[in-house]
Amino acid sequence: MLDLFQFNAAFPTDGPKPYDQNGVRQIETFRKTFDGILFIDRVLKALGVGEGKAYPPRGDSGLQALHQQICEAKVSPHAKLSVFYYLLLDYDELRGARSNLAEALAEESGLPKNYQILMRGLWHMDRREFKFALEHLAHPSLPSEFADDIITVLVRHGKSSSAAAAEDDDDYSLPLAYYHTVQPMLQTSEALELLFGALARTSVTSALRFSRAYPDHARQQLFEKLVASVLEHPQAGGARGRELVSLPLDRAEEKWFQEYIASGEGRRSKNAKVVAQMRQVVTGRHRGLIPVGGLGGQGAGAVRAGR
């Protein structure tokens, strides 16, 4: 069995290598698109490897130095091998479809399958190949250690590049697919708020159901964020507005809704009045005239609501 903690056994000494000037520049370009941090950076930090940006290594000497730092880290052998696996995926990408250096290392070292799945998923995330990433990161064998970061990156950067999705600013199919499949317990307020914003812009009803799982204070904040997401939409009186005002709110939610619209931040929205009137109509509390074309509509006439 090869000693993969010997540099020449872990990494090829001949053939194309990924950490030349062009390769490093490409990786740094990906890093910039992710606000300066890749998932491999998070992994290395968790392992206590390197200070600052240990990845990508610069040339052979940089890779040897990184290899030594990984070997000296006070973590399990599997954790160390998983980083080697990630690095060899860089080699495989450069060398083409026939290269299987990462798989060969995994087989030779007995690296558990869940480590391979995780690192391959994170590698695809770092290359902005989000659909391929989710095929791995949504695997049931994986822990949710990086779930907050995955949600955050997918909400901010994971919108589909298709022409149809490019026209839809509210396409959050990837982060929601990950969340619904994995069902992680999110640890940071940032990830929670981003996920809830994606839910609110996709399904008002689902967002309300999600908010009800939290204690009252957090629940109220999420509920107000839901209302805000409807009010800020140019067509607040459209389908999402109708869905919002038709929700079966409990007593606390109704109170929060009325206060947010009447005296809270919601009152600043130009759509606040029409959404409040829509809710009054749905709940039977509206008095006065309603345009024939509906609230916010272009109808020429009007009918009287109530008695």
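Points to keep in mind about this one:
The rows are residues; the columns are (1) within 18 Å of Arg42 (Cα to Cα); (2) of a type in the set (Ser, Thr, Tyr).
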residue: Ser61; (1), (2): no, yes
residue: Gln64; (1), (2): no, no
residue: Gln69; (1), (2): yes, no
residue: Ala73; (1), (2): yes, no
residue: Ala79; (1), (2): yes, no
residue: Ser82; (1), (2): yes, yes
residue: Tyr86; (1), (2): yes, yes
residue: Asp90; (1), (2): yes, no
residue: Gly96; (1), (2): no, no
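- Top-ranked residue in segment 253-271 [being more than 30 Å from the chain's Cα centre (by Cα) and outside any loop (DSSP other than H, G, I, E, B); ranked as nearest to Leu231 (Cα to Cα)]: Arg267
- Residue, farthest from the chain's Cα centre (by Cα), within segment 2-18, restricted to residues that are surrounded by 12 or more Cβ atoms within 10 Å (Cβ to Cβ) and farther than 16 Å from Leu66 by Cβ: Leu2
- Identity of the residue in segment 134-188, open to solvent by less than 20 Å² (accessible area, probe 1.4 Å) and in a loop (DSSP other than H, G, I, E, B), that ends up modelled with the highest pLDDT: Pro184
- Condition check for Lys32: assigned to a helix (DSSP H, G or I) and either out of contact with any helix residue (DSSP H, G or I) (no Cβ under 8 Å at 6 or more places or on another chain) or among the aromatic types (Phe, Trp, Tyr) (or both): yes
- Out of Gln64, Gln69, Gln26, one residue alone is without any contact (Cβ under 8 Å) to a residue 24 or more places away in the chain, assigned to a helix (DSSP H, G or I), open to solvent by 80 Å² or more (accessible area, probe 1.4 Å) and farther than 18 Å from Gly121 by Cα. It is Gln26.
- A Cβ distance below 7 Å, combined with a sequence gap of six or more or placement on separate chains, defines the contacts here; from segment 107-132, residues that are among the polar types (S, T, N, Q) reach residues that are assigned to a helix (DSSP H, G or I) and open to solvent by less than 50 Å² (accessible area, probe 1.4 Å) in the pairs Ser109/Leu81; Gln116/Tyr85; Gln116/Ala106.
- Hey, Ser82 closer than 18 Å to Leu4 by Cα, at pLDDT 95 or above and small (Gly, Ala, Ser) or not: yes
- Note on segment 72-84: among residues that are in a helix (DSSP H, G or I) and open to solvent by 50 Å² or more (accessible area, probe 1.4 Å), the one that is nearest to Asn100 (Cα to Cα) is His78.
- Filtering segment 105-120 to residues that are more than 22 Å from Arg25 (Cα to Cα) and surrounded by 17 or more Cβ atoms within 10 Å (Cβ to Cβ) leaves Leu105, Ala106, Ser109, Leu111, Tyr115, Gln116, Ile117, Leu118.
The values are calculated or read from the model by the stated rules, or taken from the named source; none is laboratory data. The shown structure was predicted, so the numbers you read here are calculated from the model rather than taken from an experiment. Note: ideal-geometry Cβ built from the backbone for every residue, glycine included; neighbour counts use all protein chains shown. Calculation scope for accessible area: heavy atoms of the full protein, side chains included, ligands and nucleic acids excluded. Shrake-Rupley method; radii C 1.70, N 1.55, O 1.52, S 1.80 Å.
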